[in-house]
1. Can you give the % of DSSP beta bridges in the stretch 221-311 that are antiparallel, to the nearest 5?
2. For Ile426, Ile391, Ile205, Ile38, which order do you get if you count the other beta carbons within 10 Å of each Cβ and list the fewest first?
3. Return His154, His383, His477 ranked ascending by Cβ neighbour count within 10 Å, so the fewest neighbours appear first.
4. With a cut-off of 8 Å between alpha carbons and a minimum separation of six or more residues, what is the relative contact order of the chain in percent?
5. Pull out a ≥ b ≥ c, the square roots of the eigenvalues of the alpha-carbon gyration tensor of the stretch 238-509, then state rounded if a/c is under 1.5, prolate if not and a/b is larger than b/c, and oblate in the remaining case.
6. On full extension of the chain, what length is gained from Thr151 through Asn317, given 0.36 nm per residue of separation minus the C-alpha to C-alpha distance?
7. Given the pairs Lys295/Lys468; Lys85/Lys137; Lys245/Lys296; Lys320/Lys353; Lys88/Lys179, which span a C-alpha to C-alpha distance of over 18 angstrom in this model?
8. In what sequence, highest mean first, do 192-200, 136-144, 158-166 appear when ranked by Cβ atoms within 10 angstrom?
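Just so it is clear, none of the values below were taken in a lab; they were calculated from the coordinates. No experiment lies behind these values; they were computed from the predicted model shown. Here the Cβ positions follow ideal geometry from the backbone for every residue, glycine too, while neighbour counts run over all protein chains shown.
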Amino acid sequence: MIVLTPAEMRKMDNESIADGFTSSILMEMAGRGTAELIDKNYESNELQVSIFCGKGNNGGDGFVVARFLNMWGYNVQIFFTGEAKELKEVNYTNYKIAKLQNIPIKKVKKIDNEIKLKTKKSDIIVDALLGTGIEGKPRGIYGELIDIINTNKHSLVVAIDVPSGVNALSGEVAGKAVKADLTATMAYYKTGLLLNPGQQYCGEIEVIDLGMVDKSFKKINYNHFVLNNREAAKFLGSREPTGHKGTFGKILVVGGSKNMPGAPALVGEAALKSGAGLVKTALPDIFDPKGLNYKKEIIYDFLKSDGKQITKKAFENIRKSMEKMDVLALGPGLGQSKEISELVRKIINDINKPIVLDADGINALKDLDILNNCGDNLIMTPHPGEMSRLIEKSVKEIKKNKVEISRKFASEYGVNLILKGATTIIALPNGKVYFNVSGNSGLATAGSGDVLTGIAASLLAQGIKPAKSAILAPYLHGKAGDKAKEDLTEYSIIASDLIKYLPKIFKELKKY
């Protein structure tokens with residue numbers, strides 16, 4: 001699914017109008033779509049609705065919502081922050097129609113007891129105050145109205161397009177913002193709805209179809225996306241009925257150290273559970289196979305170590321193993337040292353097969369120019385801390401500019417980058433960026449990243465292109481987390497739980 005910036009959406013509106021749509025048609029579609037979304041949530045329509053309308057097009061959409069809900073039997077009250085003479089033509093038209101329908105419209109210049117009382121009694125509150133154009137803090141009466149909306153915890157709060165106070169481009173909240181239960185966004189997702197902290201103010205997000213035509217859309221130079229189930233199923237494709245373990249790919253996992261023997265196991269188990277044909281884990285030779293609590297299906301190999309972690313002397317064994325393997329997962333629990341850095345460099349230089357580089361594999365990188373040798377065969381999975389060390393920028397700066405930083409890195413080095421976080425960003429070498437919005441806070445647990453690495457390696461091993469594997473892996477990982485949350489809550493999810501819920505996700509995708 002396509003995601004637009006506010007500027008791209010405005011261009012889309014203008015192109016649609018130039019191609020024969022009118023602004024009144026677009027507003028009618030937006031308002032009616034939002035009203036239908038509200039109506040769908042209730043069996044009874046004899047409910048109190050307060051609609052807060054600003055002076056711009058967002059407020060115009062609110063007037064249309066008011067008209068339709070009023071016609072369908074809802075008890076509607078409009079609170080309007082301006083004067084009729086301040087409204088543009090299409091907004092004024094819908095304001096006049098609302099008045100002709102005898103919908104109460106109260107002009108708000110200051111907060112009084114009537115506003116507080118009627119809002120408190122509302123079953124539904126509609127936020128049509130500011131829309132996508134806001135930059136900076138909501139000021140004056142807008143900030144006060146946001147406070148009133150947010151204090152009514154018992155009401156369903158529906159934001160039109162974007163919760164007022166949320167920057168629709170960056171997701172920043174400079175001051176106050178409406179805390180919505182449901183956001184009805186127009187035509188396409190907006191970038192700021194998918195980035196924190198803005199995402200936390202949106203509640204459930206529904207896209208309202210405005211009926212815009214492909215001719216208009218082709219004039220927009222967009223490069224942001226979000227995956228849905230139908231697209232994920234298409235990326236995954238079908239499984240070869242007569243395939244064997246070689247058909248579905250062989251993976252070598254290189255990692256583990258004295259204090260982190262479990263990381264490669266999580267990678268291997270996740271890879272097998274995601275459809276890979278065979279997984280071998282290459283570990284330091286300090287471990288006794290009898291003491292490793294690995295799944296029976298995972299093959300072991302043991303590499304030269306210094307008593308704690310693998311050394312560069314292990315390279316020849318890795319190279320030979322990779323002659324029979326399709327994908328290398330490198331880094332989980334590997335440890336850090338000068339020798340590890342030299343080993344990782346040699347592997348990246350000399351092994352010309354798809355690699356998923358994670359954790360200490362990323363920390364081992366000292367010279368980023370080496371990444372140019374990989375083409376698009378490399379998937380990297382840093383969290384913000386690892387990314388900070390990689391590019392020598394603060395974690396705060398990375399979180400603030402994660403989309404552009406990710407895009408620049410992936411384009412400059414030609415890699416597929418998965419920057420993990422509450423909203424994971426997947427940046428591709430061609431400049432495209434995907435937002436992954438599956439998942440929840442339960443994924444913030446030790447070993448969760450190892451499971452992601454295993455899924456990504458498995459998809460690669462099954463022949464899915466690196467870019468699609470990088471997009472699909474976080475989606476599957478997050479969906480498994482969402483399934484786990486239903487049974488376990490966000491508090492009680494551990495990494496191995498994610499692996500157990502993967503089959504449910506694949507079963508779900510097979511329906512598409």
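1. Values: 1 of 11 bridges.
Roughly 10 percent of the DSSP beta bridges within the stretch 221-311 come out antiparallel.
2. Ile391, Ile205, Ile38, Ile426
3. Fewest-to-most Cβ neighbours within 10 Å comes out as His154, His383, His477.
4. So the answer I get is 12 percent.
5. Rounded is the answer for the stretch 238-509, as its axis ratio a/c remains below 1.5.
6. Computed gain between Thr151 and Asn317 is 53.4 nm.
7. Pairs exceeding 18 Å: Lys295/Lys468; Lys85/Lys137; Lys88/Lys179.
8. Final packing ranking: 158-166, 192-200, 136-144.
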